[in-house]
Amino acid sequence: MRIIASLAVSFWLLAVSFFSGSHPAASQAGQNQAVSKPQSEEKVDSQQLEANSPDDLNRYRLRTVVLDAGHGGKDIGCSGRSSHEADVALAIILDLGRRIKEGYPGVRVIYTRRTNVFVELDERAAIANRNHADLFISVHCNAGPHSSHGTEVWCMGPHKTEANLGVAKRENAVILQEKDYQRRYDGFNPNSPQGNILFSLFQSAYITNSLRLAQRVDKHFRTSVGRSSRGVKQAGFIVLWKSTMPSILVESGFLTNPTEENYLGNKAGQQAIAGGIYSAFREYKHDLEGGPAE
Ligand SMILES: [Zn+2]
């Protein structure tokens, strides 16, 4: 009950701030700007040096992105006949990071892991928060019956179907492998429907921009990458829970589907998925910054 009571209070506070006039849709970019960035902690990069003209001082810039390869180490995630989710997710994330660094040398790219190591779910969000990230992208692979296939792009939010809750529960169940998970997650039980519903209400302040990016990723998966898409969805993912910036979780396909496993287990497929996310990232960044058409 303690967890439910404290989550209910948090949601009430969230609702109060929502109805007291700061509408997330109207002020999302502003909220990102409002995150305090102590100068002493920030490396002066080329973007900051460029931002000296009066015009630029008031302009939102996407400066830092945190890239999160799901699972790793003792947690291999889901598996196909020969591929493991942890490896596929890492390959996609590293390729995505390389593209962002090449395309935008002024953007800081931070990885929650770059090798096959275990990282707790709350630590992944904490890395993004500590670095005042403007965006958090988590990549995973899906599991289901052999015939299930297609990409999904997730944002935090109340789930609409039991199947959606099922995906979040599978991804959240990894905390059972973490030491001390009850303390780390305020007693949250990944198998409790009530817990899933209540904590899915976090992240509401960032939902507009999270959905904005998610829709672009989904569009590129369907068009330029040519994947079959299961759409943009919402549910409560612990890895997105405490991040204080727009955040999405990409299910890049089903390793349990032999055709999709072949695609995702292959470098060309991994690069195509990373390319789709990168195209969406470019559009999202351009949209928020309001720069000249590229
Ligand atoms: Zn996963």
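Every number in this text was worked out from the coordinates using simple rules, so none of it is lab data. Because the structure is a prediction, the values reported are computed rather than measured. Ideal geometry is used to build each Cβ from the backbone, glycine not excepted, and the neighbour counts take in all protein chains shown.
Side notes on the structure shown:
- Most positive-pole-ward Cα, Thr256, His286, Gly166, against dipole of the stretch 62-289 from beta carbon charges: His286
- Estimated D of the stretch 200-294 in µm² per second, where Rh is the Kirkwood radius over Cα pairs and Stokes-Einstein applies at 20 °C, 1.002 mPa s: 148
- Full-extension gain in nm, Gln194 to Gln177, via 0.36 nm per residue minus C-alpha separation: 4.0 nm
- Summarising the amide proton neighbourhood of Gln234: residues at separation of 5 or more, or on other chains, whose placed amide H is nearer than 5 Å comprise Cys155, Lys160.
- What the pair-distance distribution of the stretch 78-207 shows, using all Cα-Cα distances binned every 5 Å from zero, is 2, 8, 16, 21, 22, 18, 10, 4, 1 percent.
- Rounded to 5, the percent of DSSP beta bridges in the stretch 62-289 classed as antiparallel: 20
- Lysines with Cα under 16 Å of Lys285, excluding same-chain neighbours fewer than 8 positions away: Lys101, Lys219
- Charged-residue dipole, Cβ positions (Lys, Arg, Asp, Glu), the stretch 62-289 about Cα centre, Debye nearest 20: 360
- Extension gain from Arg170 to Lys101, taking 0.36 nm per residue of separation minus the Cα-Cα distance: 21.7 nm
- Farthest toward the positive end of the dipole of the stretch 62-289, out of Val117, Val107, Gly275, is the Cα of Val107, where the dipole comes from beta carbon charges about the Cα centre.
- Stokes-Einstein diffusion for the stretch 62-289, with the hydrodynamic radius set to the Kirkwood value over Cα pairs and evaluated at 10 °C in a medium of 1.306 mPa s, equals 93 µm²/s.
- Stretchable slack from Ser228 to His146, in nm (0.36 nm times residue separation minus alpha-carbon distance): 28.0 nm
- Pairwise label distance in nanometres, Asn129 with Thr115, each label 7 Å out on the Cα-Cβ vector: 2.7
- Normalised by 2.2 N^0.38 Å, with N the number of residues, the alpha-carbon radius of gyration of the stretch 148-190 equals 1.35.
- Sum of side-chain charges, Asn172 neighbourhood, beta-carbon under 14 Å (Lys, Arg +1; Asp, Glu -1): -2
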